[in-house]
Amino acid sequence: MKKRLLVLGMAIICIFGMTACGKAADESAANTLSITEEGAINYADQVLDSVRTIVDQNMQEQYAGDAVVSAALTSWTSAMEDIGEFKSITDHEVITDKDGATINVMIEGTDHNAVVEILLDSELTLTGITTNVQYSFGELMEKAALNTILGMGTVFVVLILISLLISCFVFIPKIQAAFSGKKDEDTAEPEAAVAAPVSTAAAVTEDLTDDYELVAVIAAAIAASEGAASTDGFVVRSIRRANTSKWKANY
């Protein structure tokens, strides 16, 4: 109950601070934002306390529909991994102009300190909350070196992969030739199987004794070579191909 009254009191103080600031702004300058430094600090502490409470109680899903609050919770949760445990608020910085206000809340953590940046527009509407962890110079240099090594390593790995891929292009013609030769062999085997019976058939001695015209021609040639007047004195019983090589040699 006391906590609720405290939050309500802080909200009332913030509202009255903004109202009073608005009157002072009208009197002093028309181009200044209607918020006092004290009111901005109270508002920033209230916002930070609300963010911490929501995260501690795991109530992030209830604010998923609010883009600003959801982004603020995500930023705070991510930063707490480096901050460690929240210890206290050490300082505030308020920067105002006619376009809005920036409230920086410095916090101390067990591992690292951080700055919570709260942004307000010209109508004092909350537009953003970002938690920035403060790292030492050595830690920043270490992160920069790791990022550089990671980036260059990725580039070199990609270049090596590209080089290996290009070197494999040499084997592509050989693979194509191997597949083409195998395909030609598969195509030539049926043709050889068809041609085989033909050559076998040609090797067999043909029986040409029923070819009467050929028999008559051969008989006439034999009769002429023997000086016979007719072919009645002999009968052609078989016709066989002579050895042409011996024929040419004898000739």
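Annotations for the structure displayed:
- With each label modelled as a point 7 angstrom along the Cα→C-beta vector, the residue 161-residue 180 pair spans 3.2 nm.
- Residue by residue, segment 147-158 carries 3J(HN,Hα) couplings of 5, 5, 5, 4, x, 5, x, 5, 5, 5, 4, 5 Hz when phi is fed to the Karplus relation 6.51 cos²θ - 1.76 cosθ + 1.60 (θ = phi - 60°); x denotes Gly or Pro.
- Whole-Hz couplings from phi, Karplus 6.51/-1.76/1.60, listed for segment 68-77; x for Gly and Pro: 5, 5, 4, 5, 5, 5, 5, 5, 5, 4
- Residue-wise HN-Hα couplings along segment 48-63, as the Karplus relation 6.51 cos²θ - 1.76 cosθ + 1.60 with θ = phi - 60° gives them from phi, are 5, 5, 5, 4, 4, 5, 5, 5, 4, 9, 6, 10, 4, 5, 5, 10 Hz; Gly and Pro carry x.
- Between residue 113 and 134, the built amide H atoms are under 5 Å apart, and every one of these is 5 or more places off in sequence or on another chain.
- Ligands, DNA and RNA are left out, and with a 1.4 angstrom probe the accessible area of segment 56-148 is 60 Å² per residue.
The values are calculated or read from the model by the stated rules, or taken from the named source; none is laboratory data. Keep in mind that what you see is a predicted model, and the values were worked out from it rather than measured. Counting neighbours? That spans all protein chains shown, and the Cβs are built from the backbone with ideal geometry, glycine included. For accessibility, only protein heavy atoms count, side chains too; no ligands or nucleic acids. Shrake-Rupley method; radii C 1.70, N 1.55, O 1.52, S 1.80 Å.
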